[in-house]
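Student: One structure follows; several queries about it will come next.
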Amino acid sequence: MSRLIILSAVSLALAVACTGDDGDPRDADSFRLPWAADEAWFFVGGPHCDSAADICPSGAPRYALDFAPRAPLTGFLCDPSENDEYWITAAASGVVRVADRSLVEIEHGDGIRTGYYHLRSSSLAVAPGDIVEAGAPLGNPSCEHRRGGTVPGPHLHLYFCTAVEPAAACLDDRASLLTAEGRTLSGWQIQAGEDNYSGNLLRGGDTRTATALACPATNADEDCAGVRNDVTPNRDER
């Protein structure tokens, strides 16, 4: 898939307009879930820090959410050929600041960024300095880890952050990471649960609960005790 670049000052102006007066993007219509509008992905990890423990270390923000095009996460899906059909896309217009191996970060105005991690490095469709619009393809989900090794299955580690140095990655400066709770994606409001990796997405009367299982409407009652974790950017989907 070719790189989508919108070389327009108007796009940048729109990106800046997406943030609030304090540079903190909380408007429900500013940021979208970063994949195709008609695709349902699974909400496999609620707000979390980098710790695997139930409770985060003192002062560590629960900054990230995990989404997967397939669940449960299993190693055999780490084969790149299994994930070519799925594309992670930009959550809003902005400037690409980081596109390095499995990580992309996009600045949207006033220093606020969205980060997209565990992309397949060979699939990256953007480079630093590119100006992109919402929905621009960034790369395929993968099991890649920036520092070597792999994660359990192909998924997107999504986060908000603020960075001082344009070319520096937020993941290398933990103080720049912003708490996920209260933010919105395609109108879904993020709610943290009691434990690390737990939480919900709320939109209107709909609730999606983070779980590593595959829990769409078709099997929520039978296999998931009534819980659903399938989520789509399309507001008409329930």
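Student: Just to be sure before I move on: is Ser142 more than 23 Å from Ala210 (Cβ to Cβ), out of contact with any Phe, Trp or Tyr (no Cβ under 8 Å at 6 or more places or on another chain) and of a type in the set (Ser, Thr, Tyr) in the structure I sent?
Tutor: Considered against the rule, which asks whether it is more than 23 Å from Ala210 (Cβ to Cβ), out of contact with any Phe, Trp or Tyr (no Cβ under 8 Å at 6 or more places or on another chain) and of a type in the set (Ser, Thr, Tyr), Ser142 comes out as no.
Student: I'm trying to understand the selection: among the residues of region 132-162, which are within 11 Å of Arg113 (Cα to Cα) and buried (at least 21 other Cβ atoms within 10 Å of the Cβ)?
Tutor: Leu158, Tyr159, Phe160, Cys161
Student: Next question, about the same structure. Among the residues of region 124-139, is any at pLDDT below 95 and either in a loop (DSSP other than H, G, I, E, B) or over 13 Å from the mean Cα position of the chain (by Cα) (or both)? Talk me through it step by step, then tell me what you get.
Tutor: Of the residues in region 124-139, the ones at pLDDT below 95 are none.
No, there is no match, as no residue in region 124-139 is at pLDDT below 95 and either in a loop (DSSP other than H, G, I, E, B) or over 13 Å from the mean Cα position of the chain (by Cα) (or both).
Student: Also, quick follow-up: Counting just the residues of region 220-238 that are aliphatic (A, V, I, L, M) and assigned to a loop (DSSP other than H, G, I, E, B), which one comes out modelled with the highest pLDDT?
Tutor: For region 220-238, the residue satisfying everything is Val227.
Student: In region 170-186, is there at least one residue being of a type in the set (Val, Ile, Thr) and at pLDDT 95 or above?
Tutor: yes
Student: Still on this model: Taking the options Ser51, Ser81, name whichever one is among the polar types (S, T, N, Q), at pLDDT below 95 and within 17 Å of Tyr159 (Cβ to Cβ).
Tutor: Ser51
Student: Of everything in region 199-219 that's part of a strand (DSSP E or B) and touching a strand residue (DSSP E or B) at 6+ places or on another chain (Cβ under 7 Å), which residue is farthest from Leu73 (Cα to Cα)?
Tutor: Arg203
Student: Between residues in region 32-56 that are closer than 15 Å to Leu201 by Cβ and in contact (Cβ under 8 Å) with a residue 60 or more places away in the chain and residues that are in a loop (DSSP other than H, G, I, E, B) and among the basic types (Lys, Arg), which pairs lie under 7 Å by C-beta distance while being six or more apart or on different chains?
Tutor: From region 32-56, the pairs are Pro47/Arg62; His48/Arg62.
The values are calculated or read from the model by the stated rules, or taken from the named source; none is laboratory data. None of the values given here were measured: they were computed from a predicted structure. We place every Cβ from the backbone using ideal geometry, glycine too, and count neighbours over all the protein chains shown.
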